[in-house]
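Shown next, in structure tokens, is the structure this report addresses.
The values are calculated or read from the model by the stated rules, or taken from the named source; none is laboratory data. From a predicted model like this one, the values you see are computed outputs, not experimental measurements. Glycine gets a Cβ as well: all are built from the backbone with ideal geometry, and neighbour counts include every protein chain shown. Areas reflect the complete protein model, heavy atoms only, side chains present, ligands, DNA and RNA absent. Shrake-Rupley method; radii C 1.70, N 1.55, O 1.52, S 1.80 Å.
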Amino acid sequence: MSVLGPAMRRAAMLVAGLVAGGSSAALADIAGSAHDLRSYGWSGGEICIVCHTPHDADTTVSASPLWNHEVTTATYTLYSSPTMDVTVNQPGAESKLCLSCHDGTVALDSFGGATGSTYIDSGALIDTDLSDDHPVGIDWFHQTLSATPDCSGCHQISPSAFVGPPFFAGRLECATCHDVHNREVASEPGLLRRTLAGSELCLWCHEDK
């Protein structure tokens, strides 16, 4: 069985990024990103093992393959606004995978069946109060677009031409704006899928076309 070397892996990531309709900015990598936890002794020097495992995965978690981390069971205080036309739900399954570290109720090193003791620091701590954060778990519909927009500008039929934000069962979740694997924009903090320059990330959904 052949194993891809670093150059081949980089080439494969480049192709994957182009297929996914990534930003024109330089492609990034999870290595060296905020989700590269190799510097912690409990990681065993691995990147993926904290969230994924090739064996003995948690089969109750369908939102991500081969899941290996303890999942939060928290109930969240939700965002509300008189200008919203949708109901804000509790975060969906995809968001709960993110919140399993970022809400501070589950230790970073609680994976592989172990109960950890290292919790996320305040800089990346979201907490269980989401009332001051962009809502997740909301059904997507065009709140700011004209009644009959040109859908092809955001929603392409072919996956290779997809340029719109990802939704999950029709809902906006954490991964709509953030790419946990840091594959899209190399220079942006927060593992964002689009740059904040010129509010590009916000206008990805909220531009009045």
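Values computed for the structure shown
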item: Long-range neighbours under 9 Å by Cβ, at least six apart or interchain, first residue of a type in the set (Ser, Thr, Tyr) within segment 43-59, second open to solvent by 60 Å² or more (accessible area, probe 1.4 Å); result: Thr53/Leu66
item: Residue match in segment 174-181 (condition: in contact with a helix residue (DSSP H, G or I) (Cβ under 9 Å, 6 or more places away or on another chain), at pLDDT below 75 and under 27 Å from Cys48 (Cα atoms)); result: no
item: Every pair of residues 6+ apart whose Cβ atoms lie under 7 Å, when the first sits in segment 68-95 and is in a helix (DSSP H, G or I) while the second is open to solvent by less than 30 Å² (accessible area, probe 1.4 Å); result: Glu94/Glu173; Glu94/Cys174; Glu94/Ala175; Ser95/Val136; Ser95/Gly137; Ser95/Glu173; Ser95/Cys174
item: Subset of segment 66-83 [out of contact with any strand residue (DSSP E or B) (no Cβ under 7 Å at 6 or more places or on another chain) and over 24 Å from Thr118 (Cβ atoms)]; result: Ser81, Pro82, Thr83
item: Search result, residues across segment 122-146 that are among the small types (Gly, Ala, Ser) and exposed (fewer than 15 other Cβ atoms within 10 Å of the Cβ); result: Ser122, Gly123, Ala124, Ser131, Ser146
item: Residue identified as closer than 17 Å to His178 by Cβ, hydroxyl-bearing (Ser, Thr, Tyr) and surrounded by fewer than 20 Cβ atoms within 10 Å (Cβ to Cβ) among Tyr119, Tyr79; result: Tyr79
item: Ser100 vs. criteria surrounded by 13 or more Cβ atoms within 10 Å (Cβ to Cβ) and in a helix (DSSP H, G or I); result: yes
